[in-house]
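Accompanying notes for the structure given below.
The values are calculated or read from the model by the stated rules, or taken from the named source; none is laboratory data. Keep in mind that what you see is a predicted model, and the values were worked out from it rather than measured. With ideal geometry, Cβ positions are generated from the backbone for all residues, glycine too; neighbour counts draw on all protein chains shown.
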Amino acid sequence: MLILFRFSGICLLRTIHLCLPDAGGVVLRDKNFRKIVESINMLHQNLEWFFPHTPEEAVKLIAAQGVILHGGGTRILKTSPKSIKGLVDVGKLNLNYIHHSDKQISIGAASTYDDVIRYSTKTKKLSLLAQALSEAASTPLRNRITIGGSLKDFPIWSSLYAPLLALNAQIEIADKHDKVISLEEYLESGMIKTKHLIKRIIIDDDPHLVGGVKRFALIRFEYPLFTVAVALRAKKKIISEARIYITGVKGRHKHCKRAEHFLIEKELTNDVIHEAVKHFNPKFAADYKYSAEYKEHTSKVFFTDLLQDLKGKL
Amino acid sequence: MKLEFKINNTSKALELLPNETLLNVLRNNDFTEVKCGCNEGECGSCTVLLDGKPVNSCQVLAMSVQEKEITTVKGIGTLYTPHLLQKTFVEAGADQCGFCSPGMVLASYSLLKENPKPTREEILVALDGNLCRCTGYVKIVDAVENTAKKLHSNNLVME
């Protein structure tokens with residue numbers, strides 16, 4: 001019912017846009033028009049803004065009902081529920097940084113996708129993550145979407161989760177007490193659904209890890225149906241560690257342990273790749289465009305391509 | 001309410017509501033050079049520069065950018081004093097209906113400022129958030145390439 005209402009609202013808004021003489025250039029000076037738009041724009045007119053200077057302050061503020069964090073704001077504007085009464089802007093929390101120390105890379109939660117891509121281009125680090133992020137959204141959106149916001153929301157089309165899980169990322173959370181947990185635990189413990197502030201993402205700087213990521217989207221900046229990420233470590237071409245994740249599946253993400261176990265202590269040959277794919281069985285839900293079988297088949301093709309790409313890098 | 005914003009190197013007090021996007025606030029305060037197309041962050045007509053980086057102003061809540069430098073297309077050149085990039089857009093026939101032009105120009109400006117000699121592929125990536133309704137992409141990419149060549153041959157830097 002709610003979806004129907006929102007859909008009809010968007011259609012109405014589009015119809016109004018088309019009726020305007022200024023071909024799409026919405027001039028909101030007309031009071032009646034403004035009222036109509038405001039009734040469709042779900043964000044509350046009396047929205048309260050907070051600009052805390054410390055994470056502790058921010059955590060206290062989001063404890064109130066209807067108050068949420070604002071990073072880049074792109075997701076809030078996509079969903080814009082009227083239940084939001086207040087927004088806590090993270091802009092003054094000094095969470096926009098990328099540091100490298102003690103064989104670890106820390107990415108502040110307010111860093112944008114573009115910040116990570118630039119860091120990777122400059123330092124040649126985080127290439128798996130940067131590859132995924134550079135294919136997500138478009139240039140102007142990558143300049144706004146924050147890593148922390150994307151992690152907290154985890155939309156089904158997320159390009160961020162699969163590579164971060166494959167990289168065994170950890171996150172630092174400010175809640176009642178600060179803590180560092182693995183991203184996998186964050187998802188599986190249900191913590192993602194609670195109110196908290198993500199302060200940073202921590203990734204091991206491991207030069208021996210090779211990885212790749214592939215996302216299935218019809219056009220470059222469309223939301224992907226699924227994203228597969230593979231990270232492998234090898235000694236003399238024999239795989240010693242494998243991490244394989246896929247997002248966009250039933251349950252949102254899947255840790256492909258069977259395929260990982262199969263690959264351990266093997267050399268990545270064509271025969272091994274052929275067999276590994278048999279152990280890669282993500283389950284999808286059908287949607288209005290694609291059947292579950294189609295997605296499953298495509299994901300196996302993507303997984304094969306990824307392993308083929310990585311064969312030459314090990 | 002009225003709040004101060006830094007727009008095109010000038011401080012301006014703009015009338016706004018706390019739930020309004022930067023696009024609405026700019027247009028309601030006479031910055032109509034910022035165009036509204038899809039209002040969903042897909043088409044790039046509403047592109048402005050925030051601290052020099054292109055963003056979709058329809059996907060930015062105005063309250064969150066009070067301390068940032070906002071640049072609209074009039075901030076880099078006007079009808080009577082156009083920027084080299086704007087002149088080159090016209091020369092290349094890249095302006096066409098003109099609806100996407102403010103966004104295209106700003107996205108290209110940001111690219112050339114950072115990378116004065118972009119490849120065609122780099123131009124395409126930089127403009128991936130800007131849709132041209134006339135589908136005149138070849139001329140637009142030519143215009144960016146031509147501007148880069150002019151900058152290089154005249155030993156100029158993008159300003």
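Quick one: which of A:G149, A:G108 is touching a strand residue (DSSP E or B) at 6+ places or on another chain (Cβ under 6 Å) and more than 11 Å from every other protein chain (Cβ to nearest Cβ)?
A:G108
Could you give me the residue pairs with C-beta distances under 8 Å whose first residue belongs to the stretch A:212-232 and is within 14 Å of chain B (Cβ to nearest Cβ) and more than 19 Å from B:L127 (Cβ to Cβ), whose second residue is of a type outside the set (A, V, I, L, M, F, W, C) and assigned to a loop (DSSP other than H, G, I, E, B) wherever it lies, and which are 6+ apart or on separate chains?
Filtered contacts from the stretch A:212-232: A:Y223/A:P155.
Suppose we keep only residues that are closer than 25 Å to A:G86 by Cα and more than 7 Å from chain A (Cβ to nearest Cβ) within the stretch B:22-38. Which one would you say is surrounded by the most Cβ atoms within 10 Å (Cβ to Cβ)?
B:L22
Just the residues that are in contact (Cβ under 8 Å) with a residue 60 or more places away in the chain and among the aliphatic types (A, V, I, L, M), please, taken from the stretch B:64-120.
Once the filter is applied, which keeps residues that are in contact (Cβ under 8 Å) with a residue 60 or more places away in the chain and among the aliphatic types (A, V, I, L, M), the stretch B:64-120 yields B:V65, B:I70, B:L84, B:L85, B:M104, B:A107.
Name the helices (runs of 4 or more DSSP H) wholly within the stretch A:140-198 that hold at least 2 residues that are assigned by TED's automatic domain parsing to the domain that holds A:Q104 and under 12 Å from the mean Cα position of the chain (by Cα)?
The qualifying helices (runs of 4 or more DSSP H) are A:147-153, A:161-166.
Which members of the stretch B:1-45 meet the condition of being acidic (D, E), touching a Lys or Arg at 6+ places or on another chain (Cβ under 7 Å) and under 30 Å from A:E222 (Cβ atoms)?
B:E33
Tally up the residues in the stretch B:39-52 that are more than 7 Å from chain A (Cβ to nearest Cβ) and at pLDDT 95 or above, please.
Within the stretch B:39-52, residues that are more than 7 Å from chain A (Cβ to nearest Cβ) and at pLDDT 95 or above number 8.
Within the stretch B:1-21, work out how many residues are hydroxyl-bearing (S, T, Y) and surrounded by fewer than 22 Cβ atoms within 10 Å (Cβ to Cβ). Give the steps one after another, and end with the answer.
Kept after step one, since they are hydroxyl-bearing (S, T, Y), are these residues of the stretch B:1-21: B:10-11, B:21.
Then keep just the ones that are surrounded by fewer than 22 Cβ atoms within 10 Å (Cβ to Cβ); that gives B:10-11.
Total meeting the criteria: 2.
I'd like to verify a number: residues in the stretch A:252-267 that are surrounded by fewer than 22 Cβ atoms within 10 Å (Cβ to Cβ), touching a residue at least 24 places away in the same chain (Cβ under 8 Å) and over 15 Å from A:K300 (Cα atoms), how many?
The qualifying residues number 5.
Within the stretch B:110-118, is even one residue surrounded by 15 or more Cβ atoms within 10 Å (Cβ to Cβ), within 15 Å of the chain's Cα centre (by Cα), not assigned by TED's automatic domain parsing to the domain that holds B:I7 and not in a helix (DSSP H, G or I)?
No, because not a single residue in the stretch B:110-118 is surrounded by 15 or more Cβ atoms within 10 Å (Cβ to Cβ), within 15 Å of the chain's Cα centre (by Cα), not assigned by TED's automatic domain parsing to the domain that holds B:I7 and not in a helix (DSSP H, G or I).
Tell me which helices (runs of 4 or more DSSP H) are completely within the stretch A:4-117 and hold 1 or more residues being modelled with pLDDT under 95, in contact with a helix residue (DSSP H, G or I) (Cβ under 7 Å, 6 or more places away or on another chain) and of a type in the set (V, I, T), or say none if there are none.
Once the helices (runs of 4 or more DSSP H) in the stretch A:4-117 are filtered for at least 1 residues that are modelled with pLDDT under 95, in contact with a helix residue (DSSP H, G or I) (Cβ under 7 Å, 6 or more places away or on another chain) and of a type in the set (V, I, T), what remains is A:31-40, A:74-79.
Counting just the residues of the stretch B:53-73 that are in a loop (DSSP other than H, G, I, E, B), more than 10 Å from the chain's Cα centre (by Cα) and over 21 Å from A:A136 (Cα atoms), which one comes out modelled with the highest pLDDT?
Looking at the filtered set, the residue picked out is B:K68.
Considering only the stretch A:212-220, I want to know if a residue exists there that is in contact with a Phe, Trp or Tyr (Cβ under 6 Å, 6 or more places away or on another chain), of a type outside the set (K, R) and at negative phi.
Step one: list which residues in the stretch A:212-220 are in contact with a Phe, Trp or Tyr (Cβ under 6 Å, 6 or more places away or on another chain), which gives A:214, A:216.
Still in the list and also of a type outside the set (K, R): A:216.
Checking which are at negative phi leaves us with A:216.
Looking through the stretch A:212-220, at least one residue is in contact with a Phe, Trp or Tyr (Cβ under 6 Å, 6 or more places away or on another chain), of a type outside the set (K, R) and at negative phi.
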